[in-house]
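**Q** Mind having a look at this structure? Questions to follow.
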Amino acid sequence: MNVAVVEAITDIVDARLNENTKLLLVEPKVSRSQARIDLFARDLYYGIRAWRLWITLGWNDIALRYRRSVLGPLWMTLSMGILVISLGFIYSQIFHTDIRTFLPYLAMGFIVWGFLSSTINESSGAFTESERIIKQIKVPFSVFVLRVVWRNFIVLMHTIILFIPIAIIFEISPHVTTLLALPGLAVLYLNLVWIGLVIAVLSTRFRDIPQIVASIMQIAIFATPVMWPVSTLGEQTLIVDINPLYHWLELVRAPLIGGVPSTSSWVSSIGSVVTGTVLAVLLLRRVSRRIVYWL
């Protein structure tokens, strides 16, 4: 186990015990309404309160991934930029679309999709890659999923820099509706947390799930308007209307390229946060005592 990770966990546990809050190992005194939340979503509740732990773990993952690298995570920004520019010129000719509107659309599509797909794929190993921590220290299981989402969010913050020169070149000026990207990103983040919990649990129990998830995501990028505009479908938009990944993607992409997400995208995405979180919490409550034995 990495020394920095051990120190982070030890410091947090010691601090909580010394402050008598008993965050991870002993339950604090709570109100009646808070007790109901604790009873229903105990693991997720304590996992969110242990934010210092999963933030430290996520930063440590990024530091280890890019250690001894000159540019670090910016390598992903460069590779993404080369891919977007190449595909932008090619696909704009295929779809007979103006490069001025298509390239920003494609760039934001790839940037947000990279965050979405990498988080979902890496969630498959959220528990297995932290096996030694889980077996040695009592930590909420949700911490390890929050760690995965957080470290991919850090990568997103590096790759989204790519959109700045594109916006300047193609004269996409900020507008009031651009601020809608912030709540859209929050909704996307919350959706990735619950789906990450579900995938992490299933992948720990059934070791074929990571391969299945990877295959589904490979197909999903072609079934989701990332590289092609929705307008090419004409009136046959059922494939995107029933695709939750499209709605999550559109909440962030549309405001940044001068559009406004549709009401159906907001309703679908917020609805999936609520129903998905309930599903994830119920699943985690049911199997939380078995996860250690599955590892």
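The values are calculated or read from the model by the stated rules, or taken from the named source; none is laboratory data. Predicted, not measured: the structure shown is a model, and the values here were computed from it. For neighbour counting, all protein chains shown are included, and Cβ atoms are generated from backbone atoms with ideal geometry for every residue, glycine included. We work out accessible area using only protein heavy atoms, side chains counted, and drop any ligands, DNA or RNA first. Shrake-Rupley method; radii C 1.70, N 1.55, O 1.52, S 1.80 Å.
**Q** How many nm separate the modelled label positions at residue 164 and residue 288, each set 7 Å beyond the Cα in the direction of the Cβ?
**A** Each label point lies 7 Å from its Cα, and together they span 4.2 nm.
**Q** With θ taken as phi - 60° and the coefficients 6.51, -1.76 and 1.60, list the Karplus ³J(HN,Hα) couplings across the stretch 124-136 in order, rounded to whole Hz; mark glycine and proline as x.
**A** For the stretch 124-136, the Karplus-derived couplings read 4, x, 4, 8, 5, 6, 10, 4, 5, 5, 4, 7, 9 Hz, x marking Gly and Pro.
**Q** Would you mind working out the accessible area per residue for the stretch 82-156, using a 1.4 Å probe, and quoting it in Å²?
**A** Accessible area per residue, the stretch 82-156: 38 Å².
**Q** Suppose accessible area is computed on protein heavy atoms with a 1.4 Å probe; arrange 158, 175, 96, 247 from highest to lowest.
**A** Order by accessible area, largest first: 96, 175, 158, 247.
**Q** Taking Cα centroids, how far is the stretch 248-292 from the stretch 177-212 in Å?
**A** 7
**Q** Residue-wise, which Karplus ³J(HN,Hα) couplings in Hz belong to the stretch 42-52, taking 6.51 cos²θ - 1.76 cosθ + 1.60, θ = phi - 60°, and x for glycine or proline?
**A** 4, 5, 5, 4, 6, x, 5, 5, 8, 4, 4
**Q** Could you give the dipole magnitude of the stretch 45-149 about its Cα centre, charging the beta-carbon of Lys and Arg +1 and that of Asp and Glu -1, in debye to the nearest 20?
**A** It works out to roughly 500 debye.
**Q** Once neighbouring chains are kept in place and the probe is 1.4 Å, which whole percent of the accessible area of the stretch 154-295 is contributed by carbon and sulfur? Provide the component values of the computation, followed by the final result.
**A** Numbers: 5180 of 7460 Å².
That fraction is 69 percent.
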